[in-house]
Structure formats: C-alpha cells, structure tokens
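Please read the structure below before turning to the comments.
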Amino acid sequence: MQNTNTESNLKAGQSEEEREAYIQAMTKAAEPTFWGYLGCQMESAGEEEIVVTLDAQPHHLNMMGIVHGGVLSSLMDNAMGIAVMLKRPGESTVTSNLNVHFVMPAKEGKLTVRAHIVHETRRSVTTESRITDGNGELVAISTGSFRVK
C-alpha cells in the first residue's frame with residue numbers, strides 16, 4: 001500500500017472513528033494497486049501494531065510448491081509501510097531498505113504479518129515485522145527503513 005492522496009488525511013488527535021475512516025480510505029485506494037493484486041487484507045491497524053493477512057494461493061507459490069520469497073517480502077513491506085503511513089500521515093514515505101530472513105517455508109493457506117515501528121527520526125522510520133502461518137509457526141522476519149520526505 002502506497003501513501004496515496006485520499007480524501008481524508010489522518011491528523012494528530014483525531015478520534016478513533018476518524019482514524020478508522022482514514023484506514024478504510026487507504027485500503028480502498030490501494031485495491032487497484034499491487035496491494036490488491038497480491039491479495040493483502042487489512043485485519044487491524046492499532047496504534048502499536050498493524051496486522052495484515054494473505055490467503056496464499058497456488059499463484060503465490062514458486063516451482064518448489066512453497067510461497068515465493070518475493071510474495072513474503074512484499075507482504076512484510078506492505079505491512080511495515082502501513083505502520084509508517086499511520087505514524088506519519090500526510091508525509092511522503094518510501095522504503096529505503098528491506099532486510100528479510102526466511103525462517104521456514106510457507107505453503108498455501110493463511111499467512112499473518114504483524115508490523116510495528118522500532119525507531120523514528122525526523123527523516124527516517126525503522127520498522128520490524130514477522131510472518132506466521134496458520135499454525136502460528138514463524139515463517140519470516142524483517143526490518144525495514146523508510147525515508148520521510
């Protein structure tokens with residue numbers, strides 16, 4: 001999900017209803033982008049943690065029958081990007097570094113990524129995420145750095 005121009009921009013001090021409206025607007029704006037093509041679903045977007053899921057299907061798999069590493073990387077990048085966008089609404093942000101550690105192969109089924117912010121300065125935000133499979137097993141971990149313009 002990219003930081004798109006949505007009708008509603010999240011501002012500091014907004015109510016929970018306004019925050020939810022902003023998240024819904026972001027999700028709708030992202031549907032025709034890679035986010036929607038990949039099949040990401042926003043499960044929750046709290047102050048401390050973003051939860052995104054993907055129902056991994058045959059087209060997400062590589063020739064070995066496991067979820068392609070690019071799918072996992074994109075899933076984590078999307079979730080961490082949302083965390084940054086919610087923390088820095090109205091500011092243009094872009095991934096500047098993504099480190100991924102594949103811990104265990106993932107197969108078809110529900111994958112859940114949880115992302116949160118680790119550190120931030122005026123011009124950069126550092127994030128962390130983890131993907132688990134339907135059994136709660138750790139699939140991958142990542143850190144990401146995001147440049148703020």
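Beyond 19 Å, what share of the Cα-Cα pairs of region 31-92 remains, rounded to the nearest whole percent?
Details: 674 of 1891 pairs.
Of all Cα-Cα pairs in region 31-92, 36 percent lie more than 19 Å apart.
Running a GNM on the chain with Cα contacts under 10 Å, which residue among Val100, Val52, Val118 ends up with the highest mean-square fluctuation?
Val118
Let me see the P(r) profile for the chain: every Cα-Cα distance counted, bins of 5 Å, each bin given as a percent of all pairs.
2, 10, 20, 22, 20, 13, 7, 3, 1, 0
Based on the Cβ-Cβ distance from His59 to Lys110, what FRET efficiency comes out when R0 is 22 Å, to the nearest 0.05?
0.90
Which value in nm describes the separation of the simple spin-label points at Asn99 and His119, placed 7 Å from the Cα toward the beta carbon?
In this crude label model, Asn99 to His119 measures out at 1.0 nm.
Can you give me the distance in nm between label points at Asn135 and Glu49, each placed 7 Å from the Cα along the Cα-to-Cβ direction?
If labels sit at Asn135 and Glu49, their model points lie 2.2 nm apart.
Considering amide H positions built from the backbone, and no H for Pro or chain starts, which residues 5 or more places from Glu43, or on another chain, come under 5 Å of its amide H?
Correct list: Val51, Val52, Thr53.
Just to confirm the number: angle between the C-alpha axis of helix 69-87 and the first principal axis of the chain, 0 to 90 degrees, nearest 10?
Tilt of helix 69-87: around 20 degrees.
Coordinate-derived values only; no laboratory data. Because the structure is a prediction, the values reported are computed rather than measured. We place every Cβ from the backbone using ideal geometry, glycine too, and count neighbours over all the protein chains shown.
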